[in-house]
Every structure is written in structure tokens, then in C-alpha cells.
Amino acid sequence: MSQVIALCGGVGGAKLAHGLSRVLAEDQLTIVVNTGDDFEHLGLYVSPDVDTVAYTLSGLADRERGWGVAGETWQFMASLSRLGGEDWFLLGDQDLAMHVERTRRLAAGQTLSQITVDLTRAMGIKHPIVPMSDEPVRTIIKTRDGELTFQRYFVGERCRPVAKAIRFDGAQAARPSPRFRAVLEQGDISAIVICPSNPYLSVDPILAVPGVRKALEATGAPIVAVSPIIGGEAVKGPAAKLMRELGVTPGVVAVADHYEGLLDGLVIDAVDAHAADRLREMDVETLATNAIMSSDDDRSRLARDTLALAERLTRRRTTC
């Protein structure tokens, strides 16, 4: 592998990004992260997906909760609650430092990309973690109860409202971040990997940035996704619920259909192997494997399986 671009967001995406970082050298992998979840809270700029990926790759992530820092304490939130402040979105005492430093640097005129490079290096992360854009893109969920910003929907309401539509405010005015744009323009990309992140909430915001989808296709590299749906249900998060509310039957075929015209390959769990023929009819090559990532070894194994599918697709192209 010369250069792999991984698109990700959320816990599932972060796990595979970690697996890829364990099997690829730092100059072979660029991890592009969704920033549609970003928002300002208590005067602080919070970038949840960037932080989840950073905590995961640095070994600091809380594996029980799936987000935040292991061994976190909550004295700040307890004090804030006593004062009557907004306590619906939890900011741990250790996690708080990330948001304070990011906000300080943004106020000083630095870009989100510059800040992310510095913070991840300070955390000992060697593989580049790249925001999808330095311009604000905000995911908005239209529900039966009205429109909600992503964090109000996801955290405040715990995904309870019935979703009717999704949009990405600011996307049309956004540009790929400089590092993202630079790696897209390289001529030695081996594979594009779409991590097992929520297609609607974590991957679509990246693809909504003008020029990104076309640039991904123009690389000529195989584009391979790992399904976040196993046996008709999401491994974690609201993907399956959201699909049903939008009139889509959750499953690996629905994932492939969502990325219609973009995917060359899809990694699915062995429980969904029966769908392989249908996927091939959609011109999507498949690899059925164990797609559950319960350990670091699982993450590495799934990363190797995903790259193997990309290599198989590359060989097929060169022999045709």
C-alpha cells in the first residue's frame, strides 16, 4: 500500500482507523474525519468525532463508554449542574482541556487543521488525523418535532425523535481541508476506505463538501466500505433506526445502495454472507468476515481484511 485515505467518524469509524494505523506506516495512511458534529458549547468549540479518533489512536479512549477519556472524572459537570448550567452534554475534567485549548487557538486565528496537527502530535499520534474541512459544516436533523442540531438530536434527545430528513448547513460553502485536498491530488493512492461509520450522519457530511466525491472517484483507487450494519442492525448508534425512519430497510444491501456509484467493494460480516450475490449484481465486490471489533487484534484483522479486498480489486483492474 502506498497511500490509503480513510473516511470516518464516531466510535466504529475510530476503531477501524485505529486498526489501519496498526498495520500501515504513518506515511501510508491519512484519516479524514467528519466535522459535521462540531458545535460550540459553553463558549467552547467541541469537535466530537476528531476527539474520538484522537483518543482512540492515542490509547486514551474509554472502551466501556465508547467515547471520552478512560478514567475520566466529572467534577466540572457536577459544579456546573449545581450552578444551574447546561449539563445535557457531558464534558469530562480531562476532556475539557482539549476543548479549551482548541477554542483558544481558534480565537488566535489558527485553523482547525493546524490545531488538530498540534494536538494529535502532543498526544503521541503519528498518523495524520485530518478534519474534512476548516469551514463550518453543521448536520441538522429534521424530525417530526422540528429541526434539531446534531448534538441536540444525538445527545440531548438520545435519537428519540423520528427523523424525516437530514441536511448539512454550510456544506456548499465549504472546501476540503488543505491536507485532505493535498492527499486527494496525490498520484499514488492505493485505496479509499470508508470506515464503519453511520453513512447518513458521519460519512455523508464528508461527501457533501463540494468536489470531494468527484475527487475520490478521480483517484482511480478502489473505494471500499466496511458495513456498520450487521444482521440488519447497527453495531452501535442510531444508523438502523434512522434508516427505518427514512424508509430504508437496514442491511448491507441498503448500505451499498446508499453509496451507489461510489463503492467498488464492501466488507460485510459473515452473518450477511447470503447477500453477497445481490451485492455483486450491484457491481459491488464483497468480502465476508468477522466484522466485530472487540479487541485491538480484531481491529487490525479487520483492517487487513479491508485492505486485502482493495488489493484484490486493484489486481482485477490491472488484469482486465
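Derivation of every value follows stated rules applied to the coordinates shown; laboratory data play no part. It should be emphasised that the depicted structure is a prediction, and the values quoted were computed from it without experimental measurement. Don't worry about glycine lacking a Cβ; one is built from the backbone with ideal geometry, like all the others, and counts go over all protein chains shown.
Return one number: the angle in degrees, 0 to 90 and rounded to the nearest 10, between the long axis of the Cα atoms of helix 95-107 and the longest principal axis of the Cα atoms of the chain.
90 degrees
Find out how many positive minus negative residues lie around P205, taking Lys and Arg as positive, Asp and Glu as negative, among other residues whose Cβ is under 13 Å from that of P205.
Values: positive: R138, R167, R213; negative: D37, D38, D49, E135, D169, D204.
Taking every Cβ under 13 Å from that of P205, the sum is -3.
Mind running the shape call on the stretch 36-82? Use the C-alpha gyration tensor, a ≥ b ≥ c as the square roots of the eigenvalues: rounded below 1.5 for a/c, prolate if a/b tops b/c, oblate otherwise.
On the way: a/c = 2.75, a/b = 1.20, b/c = 2.29.
Since a/c reaches 1.5 but b/c is at least a/b, the shape of the stretch 36-82 is classed as oblate.
D for the stretch 1-103, whole µm²/s, Stokes-Einstein with Kirkwood Rh over alpha-carbon pairs at 20 °C and 1.002 mPa s: what number?
146 µm²/s
At what distance in nm do the modelled label points of R312 and A107 sit from each other, each positioned 7 Å from its Cα along Cα→Cβ?
5.3 nm
Just to verify a number: FRET efficiency for S81 and E260, C-beta to C-beta distance, R0 = 35 Å, to 0.05? All intermediate terms of the calculation are to be shown ahead of the outcome.
Working: r = 46 Å, r/R0 = 1.32.
My answer for the efficiency is 0.15.
Given a cut-off of under 8 Å on Cα pairs at least six residues apart, what relative contact order in percent is computed for the chain? Display every interim value, and only then the final one.
Values: 613 pairs, mean separation 63.4, N = 320.
Across the chain, relative contact order equals 20 percent.
Gain in length, D283 to K214, computed as 0.36 nm per residue apart minus the alpha-carbon separation, to one decimal in nm?
23.0 nm
If packing is taken as the average count of other Cβ atoms within 10 Å, what order do 136-148, 73-85 fall into, highest mean first?
My ranking of the peptides, most packed first, is 136-148, 73-85.
Would you kindly state how much longer the chain becomes between K126 and S295 on full extension, computed as 0.36 nm times their sequence separation minus their alpha carbon distance, in nm to one decimal?
Result: 58.8 nm gained on full extension.
5 Å is the cut-off here: which amide hydrogens, built 1.01 Å from N in the peptide plane, fall below it relative to A288, excluding neighbours closer than 5 in sequence?
The list, which skips near neighbours in sequence, is I268.
Where does helix 112-122 land angle-wise versus the long Cα axis of the chain, in degrees 0 to 90, nearest 10?
Compared with the principal axis, the helix lies near 90 degrees.
Enter the angle in degrees (range 0 to 90, nearest 10) between the Cα long axis of helix 10-23 and the first principal axis of the Cα atoms of the chain, meaning the one along which they spread out most.
Value to nearest ten degrees: 60.
Once phi is turned into ³J(HN,Hα) by the Karplus curve 6.51 cos²θ - 1.76 cosθ + 1.60 with θ = phi - 60°, what whole-Hz value does each residue of the stretch 228-237 show in order, with x for glycine and proline?
With the stated coefficients, the stretch 228-237 comes to x, 9, 10, x, x, 10, 6, 4, 7, x Hz.
As an exercise, use a Förster radius of 22 Å and the Cβ-Cβ distance of Q172 and R152 to find the FRET efficiency, rounded to the nearest 0.05.
Values: r = 23 Å, r/R0 = 1.03.
That gives a FRET efficiency of 0.45.
Let me check I've understood the local charge: for E281, count other residues with C-beta under 14 angstrom from its C-beta, Lys and Arg +1, Asp and Glu -1. What total comes out?
So the surrounding residues net to -3.
Express the relative contact order of the stretch 173-320 as a whole percentage, based on alpha carbon pairs under 8 Å and six or more residues apart in sequence.
Averaging sequence separation for qualifying contacts and normalising by length gives 21 percent for the stretch 173-320.
Can you tell me the relative contact order of the stretch 78-224? Whole percent, Cα pairs under 8 Å, sequence separation 6 or more.
Once normalised by length, the contact order is 20 percent.
Report the extension gain between R65 and F89 in nm, rounded to one decimal, defined as 0.36 nm multiplied by the number of residues separating them, less their alpha carbon distance.
Going from the current span to full extension adds 7.2 nm.
What FRET efficiency, computed as 1/(1 + (r/R0)^6) with R0 = 41 Å and r the Cβ-Cβ distance, is obtained for A25 and R144, rounded to the nearest 0.05?
0.25
Nearest-5 percent of antiparallel DSSP beta bridges in the stretch 1-73?
So the antiparallel bridges amount to about 45 percent of the total.
Would you please give the residues with an amide H less than 5 Å from that of V130, counting only those at least 5 places away or on a separate chain, with H modeled from the backbone geometry?
Here I31, V32, V33 satisfy the definition.
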